[in-house]
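> Structure in structure tokens, see below.
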Amino acid sequence: MTTSTTPLIEEAELDDLEREFVGRVRGRVLEIGAGDGENFGAFDPGVEWVGLEPDGKRLSELATRAREWRHTAAPLEARAESIPLPDASVDAVVGTYVLCSVSDQATALAEIRRVLVPGGRVVFVDHVVAPPRTLKRVIQRVATPFTARFHHGCHWDRDTERALVEAGFTGGDVRRLRVRSMPFGPVPMLLFDGTAS
């Protein structure tokens with residue numbers, strides 16, 4: 001899809017879409033890169049939440065917030081590339097702004113498939129690489145070595161949709177958007193609600 005035909009939205013609209021997508025999952029849900037629990041208000045009250053967070057400094061706050069939201073499982077200090085859960089042990093996996101920062105996207109996605117039940121659901125929200133031959137893509141390529149090093153491992157130039165498809169996930173509701181941003185122009189975003197095929 002070209003930049004000119006990709007919908008341009010405001011940050012507030014993106015926030016609403018994120019909440020909608022995250023709110024779709026049910027059952028036992030693994031949230032990778034759970035951070036400080038920003039998604040707790042979006043989850044359906046009936047989910048059995050399991051959190052994964054590699055940053056040990058955030059775990060205490062995440063555990064406190066999880067209890068406040070009545071989630072009984074203590075968050076796990078682990079990376080998405082090595083999930084300490086049995087095979088086929090969760091119904092869904094959620095990640096917001098995390099597939100851009102994992103050190104090995106293919107390994108993380110293979111682990112996510114491993115812990116999902118057959119046909120399990122995935123919901124991901126992430127900024128992604130801009131279309132080829134655009135100024136935004138050039139800016140992303142130049143910026144990524146710096147953002148990867150100084151901004152929580154974030155890679156601005158990842159083709160996450162392709163990685164998901166190559167890992168065996170089928171999109172049910174896939175939205176490619178641009179979010180208004182300054183000073184370098186709109187940020188390409190991917191919202192992916194799909195299943196392990």
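The values are calculated or read from the model by the stated rules, or taken from the named source; none is laboratory data. As the structure is a prediction and not an experimental result, all values here were calculated from the model. Ideal geometry is used to build each Cβ from the backbone, glycine not excepted, and the neighbour counts take in all protein chains shown. Ligands, DNA and RNA are stripped out before the accessible areas are found, and what is left, the full protein with its side chains, is counted by its heavy atoms. Shrake-Rupley method; radii C 1.70, N 1.55, O 1.52, S 1.80 Å.
> Using the structure shown, decide if E38 is open to solvent by less than 30 Å² (accessible area, probe 1.4 Å) and either outside any helix (DSSP H, G or I) or in contact with a strand residue (DSSP E or B) (Cβ under 7 Å, 6 or more places away or on another chain) (or both).
Numbers: open to solvent by less than 30 Å² (accessible area, probe 1.4 Å): no; either outside any helix (DSSP H, G or I) or in contact with a strand residue (DSSP E or B) (Cβ under 7 Å, 6 or more places away or on another chain) (or both): yes.
No.
> Also: Quickly run through segment 107-125 and pick out the residues that are of a type outside the set (D, E, K, R), closer than 19 Å to V174 by Cβ and open to solvent by 30 Å² or more (accessible area, probe 1.4 Å).
Of everything in segment 107-125, just one residue is of a type outside the set (D, E, K, R), closer than 19 Å to V174 by Cβ and open to solvent by 30 Å² or more (accessible area, probe 1.4 Å), namely G119.
> Continuing with this model, one more query. How many residues are farther than 22 Å from T107 by Cβ and among the charged types (D, E, K, R) if we restrict to segment 44-57? Walk me through how you get there before you give the answer.
We begin by selecting, within segment 44-57, every residue farther than 22 Å from T107 by Cβ; these are 44-49, 57.
Retained after the next criterion (residues that are among the charged types (D, E, K, R)): 44, 48, 57.
Looking only at that region, the number is 3.
> Suppose we keep only residues that are at pLDDT below 95 and open to solvent by 20 Å² or more (accessible area, probe 1.4 Å) within segment 80-104. Which one would you say is nearest to M189 (Cα to Cα)?
Our first condition is that a residue be at pLDDT below 95; within segment 80-104, this holds for 97-104.
Still in the running and open to solvent by 20 Å² or more (accessible area, probe 1.4 Å): 97, 101, 103-104.
Values: Y97: 10, S101: 15, S103: 20, D104: 20 Å.
Among those residues, the one meeting the criterion is Y97.
> Filter segment 4-33 for residues that are over 17 Å from the mean Cα position of the chain (by Cα) and of a type in the set (A, V, I, L, M, F, W, C); which is nearest to I83 (Cα to Cα)?
This residue is A12.
> Something else now. Considering segment 41-61 alone, what residues qualify as being of a type in the set (D, E, K, R) and in contact with a strand residue (DSSP E or B) (Cβ under 7 Å, 6 or more places away or on another chain)?
Once the filter is applied, which keeps residues that are of a type in the set (D, E, K, R) and in contact with a strand residue (DSSP E or B) (Cβ under 7 Å, 6 or more places away or on another chain), segment 41-61 yields only E48.
> For V47, all conditions in the list (1) surrounded by 14 or more Cβ atoms within 10 Å (Cβ to Cβ); (2) under 17 Å from the mean Cα position of the chain (by Cα); (3) not acidic (D, E) hold save one; what is the number of the exception?
Here V47 clears every test but (2).
> Only residues in segment 161-177 that are closer than 20 Å to V25 by Cα and surrounded by 16 or more Cβ atoms within 10 Å (Cβ to Cβ) count as the first member; pair them with residues that are hydroxyl-bearing (S, T, Y) and modelled with pLDDT of 95 or more, Cβ under 8 angstrom, at least 6 apart or cross-chain, and list the lot.
Close Cβ pairs satisfying both conditions: F169/T195.
> While we're here: Being closer than 30 Å to T195 by Cβ, part of a loop (DSSP other than H, G, I, E, B) and at pLDDT 65 or above is the filter here; which residues of segment 114-154 pass it?
Within segment 114-154, V128, V129, A130, P131, P132, C154 qualify.
> A follow-up question, please. Taking R26 as the residue in question, decide whether it is part of a loop (DSSP other than H, G, I, E, B), open to solvent by 20 Å² or more (accessible area, probe 1.4 Å) and modelled with pLDDT of 95 or more.
Working: part of a loop (DSSP other than H, G, I, E, B): yes; open to solvent by 20 Å² or more (accessible area, probe 1.4 Å): yes; modelled with pLDDT of 95 or more: yes.
Yes: the conditions hold for R26.
> As an exercise: evaluate A74 against (1) over 27 Å from S197 (Cα atoms); (2) modelled with pLDDT of 95 or more; (3) hydrophobic (A, V, I, L, M, F, W, C) and give the number of the one condition it does not meet.
Evaluating A74 over (1) over 27 Å from S197 (Cα atoms); (2) modelled with pLDDT of 95 or more; (3) hydrophobic (A, V, I, L, M, F, W, C) leaves (2) as the failure.
> For segment 61-79, name all the residues that are farther than 21 Å from D104 by Cβ and open to solvent by less than 80 Å² (accessible area, probe 1.4 Å). Break it down stepwise before answering.
First, the residues of segment 61-79 that are farther than 21 Å from D104 by Cβ: 61-75.
Passing the criteria: L62, A63, T64, R65, A66, H71, A73, A74, P75.
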